[in-house]
Amino acid sequence: MDKTPAVSASTQNRLLMQRQRRFKDKLANITIGMGGVTVILSILLIFFYLLYEVWPLLKGSDLTKGSSVASTTPSLYLDADEYNSRGLRIQADGQYDVIDAKSGKLLSRNPLPLPEGVTVASIKKGSVLSGLIGFGLSNGQLLVAKPQYITQFDESTNERQVNASLAYPYGEQAISINADGQPLTTFYVRGDESELVVLAKTSQGLERLSFAMSGGEEAGGLSLGLDEESEAGAAALTQTERTMLPYSGGPITEIVLGQDGVWGYVFHDRNQLAIYSLRDEPVLNQEITVAEPGVDVTAVTALLGNVSLIIGDSRGQVSQWFQVRKETADGEEFKLTKIRGIKLGDAPITALTGEPGRKGFVAGDKKGVMSYYYTTSQRLIGQEQVSTTPIRVLSVSPRSQGILVQSEDAFSFWALESEHPDVSMSSLWSKVWYESYPEAAYTWQSSSGNIDFEGKLSLMPLTFGTFKAAFYAMVLAAPLAIFGAMYTSMFMAPALRRKVKPTIELMGALPTVILGFLAGLWLAPTIEANLPGIFSLLILTPLGILLFGMLWSRLPQEKRMFSEGWTPILLIVPILLIGWFSFAMSKPVEVAFFGGDVRLWLESETGLNFDQRNALIVGLTMGFAVIPSIYSIAEDALFAVPRHLTNGSLALGATQWQTLTRVVLPTASPGIFSAVMIGFGRAIGETMIVLMATGNTAVMDWNIFEGMRTLSANVAVEMGEAEVASTHFRVLFLSAFVLFVLTFVLNTAAEVVRNRLRKKYGSL
């Protein structure tokens, strides 16, 4: 007989409900746990993806030896195509070789179009952009050539074929420079499609010669393209100018023409440099010593654009110089200034060459050591012992993927892998003295219309702008939000609180793009036109509220139309009156005290620049956007303080204000601090408001009337135009990475402080 007691239907239903509840609890726990893990994984994925895009900036560079062949015939010039497939090697015997750039294998030998019995006395390379080569001949003439690489695709072999040769854009007929037939040894050439300029040491002295080009491109006109052919022989050069420059120095060793041919640099007497202004009539602008006494200048080159001079000396030191504009009592003047000195070794520098597309250079010394240095980032990218004999000639391929080296006894090819040499901790976070700047500065300028542009990718002005925007927003938002939360939680009538709190929280739902649009197109011009009224409003509003509160407190109880807790409604009227009065008096105040133009007065009397879209606009607009977040969290924290604490304080005789300051605020301080930090993080990461209301000027100035550029806004503006995998592209990702780490650190610090506050005041 079964003695198992029967289970009633109600008990069965209760057990079923318990099982269902346990299942739902487990499901909820699993779901919440998975959600938390998913959030953590998402954050980690964002972190590692940003790090993945940034990592190439942190990688070093590789300089790998490709091949080396003995070369007993001294080379005077080396060049290679952009694919490191073919190269040109010009010999001292008047021949030029077409070689395999990587192996040095001789493919063909070709003669230069020299007059009979004439030899090459010297070879001088023109600017990197023009690619011109000047041959100074033993009879005093000048022959100008240009490396030419014609790329063809062989469909039968599915391979790229590169044909290398020398083109003669000004014709194969040599130009007479020294009329007496003395060898032309020291000169510099600069030319374009219509003109050829030569600065040379002639038998007469130091001269500038200009030649006009006629005949057009089909008649031998200069073409700056890599793959375009120029027909030689039909060009006509007509001498248009021959000017003697004032020179009284000793033997001239090197000549360089600066940017656009405006400056002429003449090296003489071991370490002396004469600088000529060539804008109109040549004028000796400056005479300086570029090395210490007893130290010789041994090699000179110009960086891309011919703005900077790179000077190597007999001590193994290289220095960078360029023209700097300086203010004087007579106006402005330009002075060639030493920007930085670079110690590469202890052996004399024997060869220098600039990169074709970047602001780096390669140096070779007497001990056979080759060094690759980038000036903007101040990085020694690579240094290798390439020979046991002095290096005589260097050349960097157009894409900076290979370096050709000619020492006294060998030719070698070195593969170069350096994607982002222009980025370093110094260039990102320290002041950098950029070309043509009057001094070192923090600068963000990622692009320009010039192909010789020096990228300026400092993150300091962007980081500064981020904190500046957040600071001014918090100056407005934090006090208003916290004091508002204190009033609504402690003093406001419950019925009114139930209307006010949701209304303020609803403000947080406004799209920031709308706020930014209104700030840029309406608020900014309104404030500009009524600047005295705005400051009057900021001053008079708190004073008016205090005055109204004082008068209301003195009003007899029987005459008050509103009960306690509803009085904030009455503040609407005086605030509106103060606003009307401030704007109505704005123009009269501007005329009476500021000469009718506040902007002009600020700039002339205080030295403060005024931009229409500035930090004041950002502070007002972003403060308006941040207030709901801070208010909501702070109000909840204040309202959640246990009532027995407040009632106990009031019962012991404390006033409401004393209760608020000594009981409620300490207890709610963790929540209030969290609210402030969340609001600060919101301001740090804001994009659309600062994008539309700041003017996006990357300046570092706490001036409230000037704009700024933030990290987030910069990424939004420039990411769409950045070339994928370029330095600019990866630095933008680095900006996002910095913003990510910054917010993470701030939130972590906030959590630590909040926990400490909770432990301290949790026992109240």
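For this structure, a couple of remarks:
Okay, residues lined up against (1) part of a loop (DSSP other than H, G, I, E, B); (2) more than 30 Å from Asn747 (Cβ to Cβ):
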| site | (1), (2) |
| --- | --- |
| Gln18 | no, yes |
| Lys26 | no, yes |
| Asn29 | no, no |
| Val37 | no, no |
| Leu44 | no, no |
| Tyr49 | no, no |
| Asp79 | no, yes |
| Asn84 | yes, yes |
| Gly87 | no, yes |
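- Summed over the stretch 335-349, residues that are in a strand (DSSP E or B) and touching an Asp or Glu at 6+ places or on another chain (Cβ under 6 Å) total 1.
- Among the residues of the stretch 474-504, the ones that are surrounded by 19 or more Cβ atoms within 10 Å (Cβ to Cβ) and outside any helix (DSSP H, G or I) come to 1 in all.
So that you can scan it fast, the table gives a plain yes or no per residue for (1) in contact with a Phe, Trp or Tyr (Cβ under 6 Å, 6 or more places away or on another chain); (2) within 21 Å of Val475 (Cβ to Cβ):
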{"position": "Gly648", "(1), (2)": "no, no"}
{"position": "Gln658", "(1), (2)": "no, no"}
{"position": "Ile672", "(1), (2)": "no, yes"}
{"position": "Phe705", "(1), (2)": "yes, yes"}
{"position": "Asn714", "(1), (2)": "no, no"}
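- Test: residue in the stretch 664-684 that is of a type outside the set (A, V, I, L, M), assigned by TED's automatic domain parsing to the domain that holds Leu521, in contact (Cβ under 8 Å) with a residue 24 or more places away in the chain and under 25 Å from Thr526 (Cα atoms): no
- Of the residues making up the stretch 505-533, those that are under 14 Å from Arg599 (Cα atoms) and buried (at least 17 other Cβ atoms within 10 Å of the Cβ) are Ala524, Ile527, Glu528, Asn530, Leu531, Pro532, Gly533.
- Within the stretch 91-100, being modelled with pLDDT of 90 or more and either among the hydrophobic types (A, V, I, L, M, F, W, C) or in a loop (DSSP other than H, G, I, E, B) (or both) holds for Val98, Ile99.
So that you can scan it fast, the table gives a plain yes or no per residue for (1) outside any strand (DSSP E or B); (2) within 33 Å of the chain's Cα centre (by Cα); (3) in contact (Cβ under 8 Å) with a residue 40 or more places away in the chain:
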| position | (1), (2), (3) |
| --- | --- |
| Val256 | no, yes, yes |
| Tyr265 | no, yes, yes |
| Arg270 | yes, no, no |
| Ala274 | no, no, no |
| Arg279 | yes, yes, no |
| Leu284 | no, no, no |
| Ala291 | yes, yes, no |
| Gly294 | yes, no, no |
| Thr298 | no, no, yes |
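- Helices (runs of 4 or more DSSP H) within the stretch 650-756 that include 2 or more residues surrounded by fewer than 18 Cβ atoms within 10 Å (Cβ to Cβ): 656-659, 665-685, 711-718
- Flag if Ser407 is under 23 Å from the mean Cα position of the chain (by Cα) and within 21 Å of Ala101 (Cβ to Cβ): no
- When residues of the stretch 300-334 are limited to those that are part of a strand (DSSP E or B) and among the aliphatic types (A, V, I, L, M), the one farthest from Leu257 (Cα to Cα): Val318
- The stretch 377-397 - residue that is crowded, with 21+ Cβ neighbours inside 10 Å and either over 17 Å from Ser61 (Cβ atoms) or free of Cβ contacts under 8 Å to residues at least 12 places away in the same chain (or both) and, of those, nearest to the chain's Cα centre (by Cα): Ser395
- Residue in the stretch 57-66 that is farther than 30 Å from Phe411 by Cβ, surrounded by 11 or more Cβ atoms within 10 Å (Cβ to Cβ) and under 46 Å from the mean Cα position of the chain (by Cα) present: yes
- Residue match in the stretch 227-246 (condition: in a strand (DSSP E or B), surrounded by 14 or more Cβ atoms within 10 Å (Cβ to Cβ) and modelled with pLDDT of 90 or more): yes
- Scan of the stretch 140-167 for residues that are under 30 Å from Leu309 (Cα atoms) and more than 41 Å from the chain's Cα centre (by Cα), ordered by number: Gly140, Gln141, Leu142, Leu143
- On inspection, Ser436 fails the criterion of being more than 17 Å from Asp701 (Cβ to Cβ), within 14 Å of the chain's Cα centre (by Cα) and outside the structural domain of Phe705 (by TED's automatic domain parsing).
- Val54 meets each of the listed conditions (1) touching a helix residue (DSSP H, G or I) at 6+ places or on another chain (Cβ under 7 Å); (2) within 28 Å of Ser176 (Cβ to Cβ); (3) of a type in the set (Val, Ile, Thr) apart from (2).
- For Arg208, the criteria (1) within 30 Å of Glu454 (Cβ to Cβ); (2) assigned to a loop (DSSP other than H, G, I, E, B); (3) modelled with pLDDT of 90 or more hold in every case but one, which is (2).
- Odd one out for Leu523, checked against (1) over 18 Å from Gly707 (Cα atoms); (2) in the same structural domain as Ile633 (by TED's automatic domain parsing): (1)
The values are calculated or read from the model by the stated rules, or taken from the named source; none is laboratory data. This one's a predicted model, so the numbers in the text were calculated from it and none came from an experiment. No Cβ is skipped: glycine too gets one built from the backbone with ideal geometry, and neighbour counts run over all protein chains shown.
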